[in-house]
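The values are calculated or read from the model by the stated rules, or taken from the named source; none is laboratory data. Quick caveat, the model's predicted, so the values are computed rather than measured. Cβ: placed from backbone, ideal geometry, glycine included. Neighbour counts: every protein chain shown.
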Amino acid sequence: MKISENTAVLVTGGASGLGLAVVEKFVSLGAKVAVFDMNEDEGSKVASQHGVTFGKVDVSDPQSVADGLSSIRERIGQESVCVNCAGIGFSQKTVSKGRNHQFELFDKTIRINLIGTFNVASQCALGMSEQNAVLSGDQEKGVIINTASVAAFDGQIGQIAYSASKGGVVGMTLPMARDLAQDGIRVVTIAPGLFSTPMLRSLPEDVQDALGKSVPFPPRLGSPSEFADLSVQIVENSMLNGETIRLDGAIRMAPK
């Protein structure tokens, strides 16, 4: 699918980090972009700065997603690209200091990272499947890009909830792609490694440097723009489907 001024793109978690980089990249290519995020202040700021549509949406709530999609479609039309970047991350061991892992924390992580991805992807897919327009010679109707993490494969100590949520996203990728193949909709997941996102930039500079040097090559933290570039490449290459792509400089995470 060639990106143009007629391409409507939805980015969840688009108010910061990887999602914001995706927003900026697609805007630079002339696409019409909408953002879902729970941070209303930052979301409104992104909308103002980049001329995009913003909706305060809780991806873990199916009705919130449905309402948000209805609203943005009035502004930019039926989305043909959906990039799911909304997510959270906490650290807690299965058992620590005489306590088991908090259920509420595990539940919240799964609900946002995994169920939230499913909610948005499945509802976007329905809209894409019902549109008459085809977007390439392959009779393509849409592309869904989900975000996992290398933690899906190399979960570290304390990452049980996060790894489980991202492992679920990886597990959804192929069956979702197979489900949607008859509708001309592709599904691809990106599993980023260590990236310079707000969460990592909050760490001391020497810690960031050490993390960057742990990457085999290039020995640095990834730039969110590189994640955004891959998102565009996925959209434009119709043979990419049903796959999880590690974007990680060949790192394999140690236990801690």
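Odds and ends about this structure:
- Number of positions in segment 197-225 that are within 16 Å of the chain's Cα centre (by Cα) and surrounded by fewer than 17 Cβ atoms within 10 Å (Cβ to Cβ): 4
So that you can scan it fast, the table gives a plain yes or no per residue for (1) surrounded by fewer than 17 Cβ atoms within 10 Å (Cβ to Cβ); (2) more than 15 Å from Val235 (Cα to Cα):
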| site | (1), (2) |
| --- | --- |
| Phe118 | no, yes |
| Gln131 | yes, yes |
| Ser136 | yes, no |
| Ala152 | no, yes |
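- Condition met for Ala86 (out of contact with any Ser or Thr (no Cβ under 6 Å at 6 or more places or on another chain) and under 26 Å from Gln233 (Cβ atoms)): no
- Checklist (1) surrounded by 22 or more Cβ atoms within 10 Å (Cβ to Cβ); (2) under 15 Å from the mean Cα position of the chain (by Cα) applied to Gly68, failing item: (2)
- Residues satisfying the stated conditions in segment 58-87, i.e. assigned to a loop (DSSP other than H, G, I, E, B) and either modelled with pLDDT under 95 or under 22 Å from Val188 (Cβ atoms) (or both): Val59, Gln78, Glu79, Ser80, Cys85, Ala86, Gly87
- Identity of the residue in segment 141-162, over 27 Å from Ile185 (Cα atoms) and of a type outside the set (Val, Ile, Thr), that ends up nearest to the chain's Cα centre (by Cα): Tyr162
- Pairing each residue of segment 181-204 that is among the basic types (Lys, Arg) with any residue that is modelled with pLDDT of 90 or more and crowded, with 21+ Cβ neighbours inside 10 Å, provided the two are 6+ apart or on different chains, yields C-beta distances under 6 Å for Arg186/Val143.
- For segment 90-145, the candidate set comprises residues that are among the charged types (D, E, K, R) and outside any loop (DSSP other than H, G, I, E, B); within that set, the residue that is farthest from Lys256 (Cα to Cα) is Glu130.
- Per-region count, segment 1-18, residues within 28 Å of Asp138 (Cα to Cα) and within 15 Å of the chain's Cα centre (by Cα): 4
- Segment 43-71: number of residues that are within 18 Å of Thr117 (Cα to Cα) and of a type in the set (Val, Ile, Thr): 3
- Taking each residue of segment 211-229 that is free of Cβ contacts under 8 Å to residues at least 40 places away in the same chain and looking for partners that are surrounded by 15 or more Cβ atoms within 10 Å (Cβ to Cβ) and of a type in the set (A, V, I, L, M) with beta-carbon atoms closer than 6 Å, six or more apart or interchain, yields Leu211/Leu194; Gly212/Leu221; Val215/Ile251; Leu221/Leu194.
- Residues being small (Gly, Ala, Ser) and either touching a residue at least 60 places away in the same chain (Cβ under 8 Å) or part of a strand (DSSP E or B) (or both) - total across segment 21-57: 3
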